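Here, each number is a calculation from the coordinates, and none is a lab measurement. Since the model is a prediction, treat every value here as computed from it, not as a measurement. Note that each Cβ is placed from the backbone with ideal geometry, even for glycine, and that neighbours are counted across all protein chains shown.
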Amino acid sequence: MAYLTDRKRADGLGSSKTGTEHFWHMKVSSVALAVLIPLFVFTFGRILGAPYPEVLAYFARPFPAIITGLTLVVGLVHFKNGAQVMIEDYAQGSTRKALIIGVTCLSYACMATGLFALIRLAL
Amino acid sequence: MADVNRGNRPLSPHLQIYRPQLTSITSILTRITGNGLIVAVLLIVWWLLAAATGPDYFAVADGVLRSWFGKLVMLGAIWALWYHTLAGLRHLWFDSGRGLDIPTAEKLGWGIIGGSILLTLLTIILF
């Protein structure tokens, strides 16, 4: 401890300089979701509870398929960035890194699975 | 200079010291609803995957989503979704530098609470 220089002690404790970009990405996705979420609630709410053949026919139509796909992709990017902020607020060190990696993997896995399902339903 | 008073500084009072206020409650609810919505996303993605897999698997996933428990989760998700959407719109308004005085911020707070309940009821009635 006594051999640490002031410079070394302060290293890595400052701003990472990517905060503005992160904030901007949250803002862009939130504006997109302000439009997408009402559309998604109306398209998904209409089909949840319908019999299987109707569900198949519904997602073969362009509008429900595109709205669902867009909402999944934009929503999960928004989730990834938002959850990262929460993790950075409450967790430190290796836990923080592991959680951010975990949330990132979960977001992209959900995106890929949802898109695969939608493509299979639509085609 | 390097070792002056390390780790022995006065701390500012933290969350549990302050009396809960509408602005702080609506703020933390935004975080809880936003992150909690991943549960709904997982359910919906699972439901979509089941629909893409075949009628038997779809019956399982559809059965879970339409059970009383699934309905309870979906009801919570609808409210969380509307709450987070309205809170997000409020954030965009705050970010423009407007609505930051206490009376307006509190009015907006009640607005997103009431609005989210109203939109949830509307969604249930419509579907």
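When shorter helices are ignored and each DSSP H run of at least 4 residues is given -39500 (n - 2.57), the per-residue value for chain A at 222 nm works out to -28500 deg cm²/dmol.
Contact order for chain A, expressed relative to its length and based on alpha carbon pairs under 8 Å spaced 6+ residues apart, stands at 29 percent. Put in line by how crowded their Cβ is, counting other Cβ atoms within 10 Å and starting with the fewest, B:Arg9, A:Arg46 read B:Arg9, A:Arg46. Straight-line cross-link partners of A:Lys17 among the lysines, defined as a Cα under 18 Å from its Cα and at least 8 positions apart when in the same chain: A:Lys27, A:Lys97.
Counting other Cβ atoms within 10 Å as a rough exposure proxy, the listed residues B:Met74, A:Met86 run A:Met86, B:Met74 from fewest neighbours to most.
You can think of it this way: the chain between B:Leu11 and B:Arg31 has 4.7 nm of extra reach, that is 0.36 nm per residue less the Cα-Cα gap. Couplings 3J(HN,Hα) for the stretch A:95-109, derived from phi with the Karplus relation 6.51 cos²θ - 1.76 cosθ + 1.60 (θ = phi - 60°), are 4, 4, 4, 4, 5, 5, 4, x, 5, 5, 4, 4, 4, 5, 5 Hz, where x marks Gly and Pro. From least to most packed, judged by other beta carbons within 10 angstrom and beginning with the fewest, A:Cys110, A:Cys105 follow the order A:Cys105, A:Cys110.
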